[in-house]
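These notes concern the structure reproduced below.
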């Protein structure tokens, strides 16, 4: 496959200019994630109001896949309920593990090429794991191992 | 490291043909294998030695009295004698076969437990591979000893030796350091470090994982107490390595693992130990691995380690100079004399993305922390990309590397 199938323009662009890449002073849930294999680190900040994600941001260092995935994730999770967030993560996992793009979700589908690089699936899901942990109020560090 | 002026120049292109694995394409491109610091490829001579051993001589060693056992024992002990000669050990009994460098270092750290007291110190450097750091952390935890560190100066990857005497005077019992840094390429002044430690009566442990297959090593001239290396990083098979130890020290040390082979006499309540080196080789060893390592040592010395070091050191210096022109690159390790590897960060492109990019071009690199996490944390970078060279790599491959890294910088940096 061509390398641009893995590194779609959505990924390259979100890696160069990650969205919501900052600390969130109003956060009431924070969770970290790390990938001990490559040293990728991420911290996800969530401000929950009622059962909704009022605001979400992240900081970290890692490969383009992990950074872009977290960037896209923050854009998609803002305003969602916990239940919706989990459904979205389930859909995202299907995309990156099976390579089936979702016609209605072009941003998440940009990560479909990841399934051909099994070692990189962990990179794509790192931020999501941390976010789900944060939503559950677990102050544990998500790890891909 | 320069070969003698009158030494014949090896025919590098012909030597490359000794490595069957190199003749293949990866993702439609000719394989450029630059991950030699992780493991090197094996020449046909080593592969054939393994096959020959299994097809003709395979048996268990030492206890048997039948013909095959005799042959296997002879081959295994011949490999030990060859390893002693390879690093100029005084006698073959100073050679312990291990699974690799990591096991050798753990063997020392474990068996020294009874000899280290609270308040003692163990000195290592900030550029240790985790395998020459974690065993000492564990020893410190078991004994209440302190860990001290020789600092690294910065991106140029040199040891700051200005405070070495003062550090060694702080009740240090063991000083462990890498001969060549696996992540910086620095060749440390092993002779000077050992001499300095000796003046303080400190035991020295040299991690020679990155040097044994590249530089000539003379443990007696170095004056080190222990030196460990791996077969698979020097054209030999995986699963076999060597720990050298001064005989008097080995005699005085406790055993490592218990089992067959390492005992003289066993009763229900207690046992007495076999003599050195068998005391440290419990269980059936990697006999085939030792045979393969023997073939690898013969192969390397037929070429000459000074010539190999000159060849891959030159490739690394050329790569360093070529890569320095890539926009946004941050190179690590000394600019001049260095071991056969180059490690770098690229602004806007994470190491794993660079490695994936290069892989699609047929180039095998390594990206990540290279098992030296504390060092990168100090230098303020989480991961680097590493290209490491060996005797079969070529100047054309360095050109290809520089070209592809330049493309990667543009692709990710935009």
**Prompt:** Comparing B:362, B:163, B:339, which has the greatest mean-square fluctuation in the GNM of chain B with Cα pairs linked when under 10 Å apart?
**Reply:** B:163
**Request:** Return the distance in nm (one decimal) between the two label points of a simple spin-label model at residue B:88 and residue A:81, each offset 7 Å from Cα along Cα→Cβ.
**Result:** 7.7
**Item:** Number of partner chain Cβ atoms within 10 Å, mean per residue of B:363-369
**Value:** 2
**Message:** Which residue fluctuates most in the GNM of chain B (Cα springs below 10 Å): B:293, B:227, B:159?
**Reply:** B:159
**Asked** When Cβ neighbours within 10 Å are restricted to other protein chains, what is their mean count per residue of peptide A:39-49?
**Response** 2
**Asked** So between residue B:156 and residue B:24, what do we pick up on full extension, going 0.36 nm a residue minus the alpha carbon distance?
**Response** 43.9 nm
**Request:** Taking 7 Å along the Cα-to-C-beta vector as the label spot, tell me the residue A:3-residue B:266 distance in nanometres, rounded to one decimal.
**Result:** 5.6
**Segments A:67-75, A:114-122 sorted - mean Cβ within 10 Å per residue, highest first** = A:67-75, A:114-122
**Fill in**
Most fluctuating of A:66, A:57, A:109 in the GNM of chain A (C-alpha, under 10 Å) is A:109
**Message:** Could you work out how much longer the chain between residue B:55 and residue B:407 gets when fully extended? Use 0.36 nm per residue separation minus the Cα distance between them, nm to one decimal.
**Reply:** 121.9 nm
**Per-residue average of Cβ from other chains inside 10 Å of A:63-73** = 3
**Asked** Over all distinct Cα pairs, what is the inverse of the mean 1/r for region A:48-111, reported as the Kirkwood hydrodynamic radius in Å?
**Response** 12.5
**Message:** At a threshold of 8 angstrom on Cα-Cα distance, excluding pairs fewer than six apart, so keeping six or more, what relative contact order does region A:3-137 reach in percent?
**Reply:** 29
**Item:** residue A:23-residue B:68 pseudo-label distance in nm [points 7 Å out on the Cα-to-Cβ vector]
**Value:** 6.8
**Prompt:** Across bins of 10 angstrom width beginning at 0, how are the C-alpha pair distances of region B:189-260 distributed, in whole percent?
**Reply:** 18, 44, 31, 7
**Request:** Express the relative contact order of chain B as a whole percentage, based on alpha carbon pairs under 8 Å and six or more residues apart in sequence.
**Result:** 22
**Message:** Rounded to two decimals, what is the ratio between the C-alpha radius of gyration of region B:323-373 and 2.2 N^0.38 Å?
**Reply:** 1.18
**Prompt:** Okay, helix-only estimate at 222 nm for chain B: each DSSP H run of n ≥ 4 adds -39500 (n - 2.57), divide by all residues, round to 500 deg cm²/dmol; what do you get?
**Reply:** -11000 deg cm²/dmol
**Fill in**
Taking the alpha-carbon centre of each part, the distance from region B:154-177 to region B:326-390 in Å is 25
**Asked** When each pair of different Cα atoms in the protein assembly as shown is counted once in the 1/r mean, what is the Kirkwood radius in angstroms, to one decimal?
**Response** 25.7
**Asked** Stokes-Einstein at 37 °C, 0.692 mPa s, Kirkwood radius from Cα pairs: D for region B:47-301 in µm² s⁻¹?
**Response** 175
**Prompt:** If eta is 1.306 mPa s and T is 10 °C, what Stokes-Einstein diffusion coefficient results for region A:3-137, Kirkwood Rh from Cα pairs, in µm²/s?
**Reply:** 110
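The numbers here are math on the coordinates, done by the rules we state, and not lab data. Only a predicted model underlies this, so the values are computations on that prediction, with no experimental measurement involved. FYI the Cβ positions are ideal-geometry reconstructions off the backbone, even for glycines, and counts take in every protein chain you see.
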